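Student: Below is a structure I'd like to ask you about.
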Amino acid sequence: MIDIFDITRYVGKDYSGAQEVMEDEMKEYYKKSNTEMLLRSLAAKQLVAANAEEETWLRGEVVSIEQEQAKVYYVDYGFSEVIEKKKLRKLSSQFYSLPFQATKCKLAGLEAFCDNPAVVKEFETVACGKILLVEILERSAIPLVVLYDTSGDEDVNINAACLKAIQDKSLEVNVKVNSCHTYVKVTCVSSSGTIYCQIPSKGLKKLTETLERVDQYFISRPVTSDQFLSVPFCGKWCLLFHEGKWVRVEITSIHSSRAIDVQLLDSGAVASVKVSDVREIPFLFLRELIEIPPQAVKCCLADLPFPIGMWTPNAILWLRETVMNTSDCSLKVMKVEDSKKLVHIYLFSPKSYPNADRSINQQLSNADLWTHQKDVYLSSDSSTISINSKNVSCSTTVLQEEISKKDLNSTVIVSLVEYTNATGIPEIPPTFPLPKPGEQIDVYVSVACHPGHFVLQPWQELHRLEVLMEDMILHYNTREEKPVPLEKNKIYAAKVDKKWHRVLVKGLLTNGLVSVYQLDYGRHELVSYENIRPLIGKFRLLPFQAITAQLAGVDRGHWSEEASILFRNNVENKPLVAVVQEIHEGQTFWDRKIVTFLVDTSLPDTDVWIHDLVCEYIVGISAS
């Protein structure tokens, strides 16, 4: 059964390394022929040493006994073998100390398909005999896990790969070179110009019928706790109520216990949603919905009139307005890239098929669509807009109506800018109140360069910061807004490593990158200009959390690399107590610095003062 399987063995010095040492010792030990090592009787579940092949000896557990043979389960490898009794010896007590290395686990998401031959075969193909990364979701006697093969250029989710083996190939969308399809629905146009389409097919028809029954199922039953996700994990298929109906989604990233990223399997769109908004697929429909392959076909426009680098906001806006939300587009397949699962197409809006000169591909030759303009900026928080640096007041609704009246080929660009006045919300959040000299505060050290520079976060505020960042993910990842004009020393939101941070822009580089300072973590980063957004009012209420500091009780000066490493290893990413000695104010809150003692109170019997460790190290180096 695939829901309970054996990982061959853990890899590492204390695991596979220790096992290899033990097996070498067993090899030498059982070279002896002492009669006391022979087994005069055998019993089920008895631990033995088994001469598996040649001079190799392994630890085993007797499963069953039959005349002159016994079935033995190798506890460090996870498989069984029938072996002659004369090849078994008593397992010496010195070989009991190392824990058994084969561990039984459950593959998350495959519990209902443990007896499916296609799943078993796929698992044997993609997982058996390989070194894999294990993500443990639930720690129990038989842990629930997700396996990843990290040996290639891209990580492979083994659980997801096994799940795909269940899909019915006859329900896949069939596209071939030079094939034409009508009544196509464009479901998503990404900012990179990638297009997702739904093509009429047997699978799409069955999916629509099944999801209609799912909708009736949820309507007819009260909401219960078992409908919510029990354990979210990457690769899991579930349901999301989107635009008035239930749709299939796959979890692609987990930000926290509240926020996850999902891809809508049958439209190609991606979104960040609350975990509470997602539902388990009811068991009644589980096999049926898993068997239907994703119905979104990933496409790109073929033979565009000129080389396309980065798509402009105007081109994307025009493309969306032209082809989205219509179900009678047409396409012709020009090329299929199986390796990328990408279809190159000619796309036609209604009434233009099959005239290639009137295709969407040719219409994109309008040069105005590829000119970066910054004529109009629309505030995200108010009705104030700026046109050519002249302030004009009008309602957002009126502006949208005016834009909708314009020709879609016009050069008007609508983008969001930072708005901070006339809302009652301060441009800069209130400053976090520091303790007075001599007072103490629980802190978390987010950055530690050396004793002369490190960054603290108030421990009691960390939960509020986590909630804020989850809300930022849900806000910014669900809105595909255009980048904003940037200014140095202004505050924005920036996407760093899939999360949104409150940042201060420090510099604008000519290669499209922006130097930013994370105001809640104290780190300097380089981010793409495309990943910066205005910091809206509701994200300006919590004081910025990063507090710059230097260590008290030590001489201030140049720090060696060794001393810096010692300091970093003892404080970075750890909760400590800070006893403030001095406060140095600056022109802005991020310029202020505190001089503080740091105390590690995690040990049960004694407190460790970090400056004492540093001083002892310096004295030891000087003495040597």
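The values are calculated or read from the model by the stated rules, or taken from the named source; none is laboratory data. This structure is a prediction, so every number in the text was calculated from the model and none was measured. Note that we place each Cβ from the backbone using ideal geometry, even for glycine, and neighbour counts take in every protein chain shown. We work out accessible area using only protein heavy atoms, side chains counted, and drop any ligands, DNA or RNA first. Shrake-Rupley method; radii C 1.70, N 1.55, O 1.52, S 1.80 Å.
Student: Regarding segment 64-204, what's the average projected area of the Cα-atom convex hull, expressed in nm²?
Tutor: Average of the hull's projected areas for segment 64-204 equals 15.1 nm².
Student: Relative to the present Cα-Cα distance, how much length would full extension add between F241 and L284 at 0.36 nm per residue of separation?
Tutor: Working: separation 43, 0.36 × 43 = 15.48 nm, distance 1.81 nm.
Full extension of this stretch gives 13.7 nm more.
Student: What are the ³J(HN,Hα) couplings of segment 102-113, residue after residue, when phi is run through the Karplus curve with 6.51, -1.76, 1.60 and θ = phi - 60°? Round to Hz, x for glycine and proline.
Tutor: 8, 10, 6, 9, 10, 7, 4, x, 10, 4, 7, 10
Student: Using the structure shown, list the pairs from K121/K245; K104/K236; K202/K499; K340/K498; K164/K335; K130/K176 with a Cα-Cα distance above 28 Å, or answer none. Working shown, then result.
Tutor: Numbers: K121/K245 35 Å; K104/K236 21 Å; K202/K499 39 Å; K340/K498 23 Å; K164/K335 24 Å; K130/K176 35 Å.
In this structure, K121/K245; K202/K499; K130/K176 exceed 28 Å between Cα atoms.
Student: Hey, can you grab everything whose amide H is under 5 Å from the amide H of I292? Only 5+ residues off in sequence or another chain; H modelled, so Pro and N-termini drop out.
Tutor: Result for I292 returns D168.
Student: In nm, to one decimal, how far is the I131 label point from the Q227 one, both placed 7 Å along Cα→Cβ?
Tutor: About 4.7 nm separates the two model spin labels.
Student: Grab the DSSP H runs of the chain that are 4 residues or longer, score each as -39,500 (n - 2.57), total them, divide by all residues and round the 222 nm result to the nearest 500 deg cm²/dmol.
Tutor: Working: 11 runs with 121 residues, N = 624.
For the chain, the value works out to -6000 deg cm²/dmol.
Student: Still on this structure: Hand me the trypsin sites (Lys or Arg not before Pro) from segment 313-362 located in a DSSP loop with no more than 10 other Cβ atoms within 10 Å, in residue order please.
Tutor: Values: sites: R320, K332, K335, K340, K341, K351, R358; in loops: K340, K341, K351.
Passing sites in segment 313-362 are K340, K341, K351.
Student: Going by amide H atoms built from the backbone, whose H comes under 5 Å of the H on K506, apart from near neighbours?
Tutor: N489, S515, V516, Y517
Student: Oh, and also: So how do S564, S602 rank on accessible area, 1.4 Å probe, biggest first, that is with the largest at the start?
Tutor: Working: S564 10, S602 90 Å².
Greatest to least solvent exposure: S602, S564.
Student: What are the semi-axes of the equivalent ellipsoid for segment 232-318, taken as the square roots of 5 times the Cα gyration tensor eigenvalues, largest first, in whole Å? It would help to have the intermediate numbers written out before the result.
Tutor: Numbers: eigenvalues 180, 56, 26 Å².
Whole-Å semi-axes of the equivalent ellipsoid: 30, 17, 11.
Student: Shifting gears a bit: Determine Rg/Rh for segment 568-613; Rg is computed over alpha-carbon atoms and Rh is the Kirkwood hydrodynamic estimate from the same atoms.
Tutor: Over the Cα atoms of segment 568-613, Rg/Rh equals 1.07.
Student: What is the packing order of peptides 460-473, 527-540, taking the mean over residues of other C-beta atoms within 10 Å and listing the highest first?
Tutor: Answer by packing, highest mean first, reads 527-540, 460-473.
Student: Moving on to the next point. Per-residue HN-Hα couplings for segment 557-568, Karplus 6.51 cos²θ - 1.76 cosθ + 1.60 at θ = phi - 60°, whole Hz, x for Gly and Pro?
Tutor: Couplings: x, 6, 10, 5, 4, 5, 5, 5, 5, 4, 4, 4 Hz.
Student: Subtract the Cα-Cα distance of K274 and E84 from 0.36 nm times their separation in residues, and report this length gain in nm to one decimal.
Tutor: Here the answer is 62.6 nm.
Student: In units of 2.2 N^0.38 Å, what is the alpha-carbon radius of gyration of the chain?
Tutor: 1.23
Student: Something else about it: Can you list the HN-Hα couplings for segment 261-270, worked out from phi with the Karplus curve (6.51, -1.76, 1.60; θ = phi - 60°), rounded to whole Hz and with x for Gly and Pro?
Tutor: 9, 9, 10, 6, 4, 10, 10, x, 5, 10
Student: If each residue of separation counts as 0.36 nm, what is the full-extension length gain between R258 and D368 once their alpha-carbon separation is subtracted?
Tutor: Taking 0.36 nm per residue and subtracting the Cα distance, the gain is 35.4 nm.
Student: For segment 462-571, what are Rg and Dmax over the alpha carbons, in angstrom?
Tutor: Both quantities, over Cα of segment 462-571: 16.5, 51 Å.
Student: In square angstrom, what is the accessible area per residue of segment 273-367 with a 1.4 angstrom probe?
Tutor: 48 Å²
Student: Still on this structure, I have one more. List the lysines whose alpha-carbon lies under 18 Å from that of K436, not counting same-chain residues fewer than 8 positions away?
Tutor: By straight Cα distance, K436 reaches K593.
Student: Run through the DSSP bridge list for segment 525-624 and note the antiparallel percent, rounded to the nearest 5.
Tutor: Percentage antiparallel, nearest 5: 70.
Student: Oh, and also: Scan around S64 for amide H atoms under 5 Å from its own, H built in the peptide plane at 1.01 Å from N, and keep only partners 5 or more places away or cross-chain.
Tutor: Amide H neighbours of S64, under 5 Å, 5+ apart: K71.
Student: Quick one: with all protein chains in place, what share of the accessible area of the chain is carbon or sulfur, to the nearest percent (1.4 Å probe)?
Tutor: The value for the chain is 50 percent carbon and sulfur by accessible area.
Student: Kindly rank 229-237, 591-599, 96-104 from highest to lowest mean number of other beta carbons found within 10 Å of each residue.
Tutor: Descending packing order for the listed peptides: 591-599, 229-237, 96-104.
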